[in-house]
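Undergrad: If you scroll down you'll find the structure; I have some questions about it.
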C-alpha cells in the first residue's frame, strides 16, 4: 500500500516535468521566423548605413560592400562578431545590440540589394591576380580562389562568400588579417593567406574588385 501511495504522490511531479521538457524541446525545434525585409531595411538605415550605405554599397574601401552578399554569410559574420569569434571593436559593438532575428532580417535585406560594380585599378598586376584567382599557385600549395568562390567571384550560398566587385582595399585588409592571425574565424583562409606575399595579396585583391 505504501508503494502505491508513493507512486501516486510522485506521478503528478513526473508528468509536470515531462510536460516542461516537451515544451522546451518544442521551443528549440521551432524554425527561425522568415526574414522581414522591411525590418531589415530599418535596421540597415539606423545602424549600418553610416559605414556600409543604406543599400549596402559603401562609399569607401575601408568598409565592405554588403549588397548582394549571401544572407547566410552575413548572418554568420554578425553572429561571430557578437560572440567575439571575429574581432572588430566597432562591429562587435554593433552586433551586440542585435537579436538573432534582427541579424537574419538585416542579412536578408542586404542580400536582396544590388551590388554596384567595382573595378581593377592596377594594370601591372592584373596577370598575377588573374593567375592566383583562376589557377592558384601550385608550387606554394595555394588553391585557386575560383575553386570555392566561383569563376566570377559569386561564391556559393551558405558555404563561400561573394567576392566579385568587392573593394580591393577591404579584400586586401582581410587577407592580411587572415595571414597575420588577427582574423581567426576561418582556418582554411588562414592557411591559404599565410602562403601569400603582400604583392600577391594586392594583385588578387585588385583583380577581384573587377570581377562581375
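Undergrad: Quick one: is residue 119 outside any loop (DSSP other than H, G, I, E, B) and in contact (Cβ under 8 Å) with a residue 12 or more places away in the chain?
TA: no
Undergrad: Taking the range 18-40, which residues are in contact with a helix residue (DSSP H, G or I) (Cβ under 8 Å, 6 or more places away or on another chain), surrounded by fewer than 19 Cβ atoms within 10 Å (Cβ to Cβ) and modelled with pLDDT of 95 or more?
TA: 36, 37, 39
Undergrad: Looking at (1) crowded, with 18+ Cβ neighbours inside 10 Å; (2) in contact with a strand residue (DSSP E or B) (Cβ under 7 Å, 6 or more places away or on another chain), which is the one condition that is false for residue 171?
TA: For residue 171, the exception is condition (2).
Undergrad: Another question, then. May I ask you to verify whether residue 150 is surrounded by 15 or more Cβ atoms within 10 Å (Cβ to Cβ), touching a helix residue (DSSP H, G or I) at 6+ places or on another chain (Cβ under 9 Å) and within 22 Å of residue 68 (Cβ to Cβ)?
TA: no
Undergrad: Would you call residue 73 closer than 18 Å to residue 170 by Cβ, assigned to a helix (DSSP H, G or I) and in contact (Cβ under 8 Å) with a residue 60 or more places away in the chain?
TA: Against the criterion (closer than 18 Å to residue 170 by Cβ, assigned to a helix (DSSP H, G or I) and in contact (Cβ under 8 Å) with a residue 60 or more places away in the chain), residue 73 qualifies.
Undergrad: Going residue by residue through the range 153-169, is there one that turns out to be closer than 25 Å to residue 80 by Cβ and in a helix (DSSP H, G or I)?
TA: Yes, because at least one residue in the range 153-169 is closer than 25 Å to residue 80 by Cβ and in a helix (DSSP H, G or I).
Undergrad: Could you tell me which of the residues 204, 176, 126 is assigned to a helix (DSSP H, G or I) and farther than 27 Å from residue 72 by Cβ?
TA: Residue meeting the stated conditions: 126.
Undergrad: Continuing with this model, one more query. Going by the structure shown, is residue 101 under 27 Å from residue 196 (Cα atoms) and either in a helix (DSSP H, G or I) or modelled with pLDDT of 95 or more (or both)?
TA: no
Undergrad: Inspect the range 85-96 for any residue being surrounded by 18 or more Cβ atoms within 10 Å (Cβ to Cβ), under 19 Å from residue 178 (Cβ atoms) and in contact (Cβ under 8 Å) with a residue 24 or more places away in the chain and give the result as yes or no.
TA: yes
The values are calculated or read from the model by the stated rules, or taken from the named source; none is laboratory data. Because the structure is predicted, anything quoted here is derived from the model rather than measured. For neighbour counting, all protein chains shown are included, and Cβ atoms are generated from backbone atoms with ideal geometry for every residue, glycine included.
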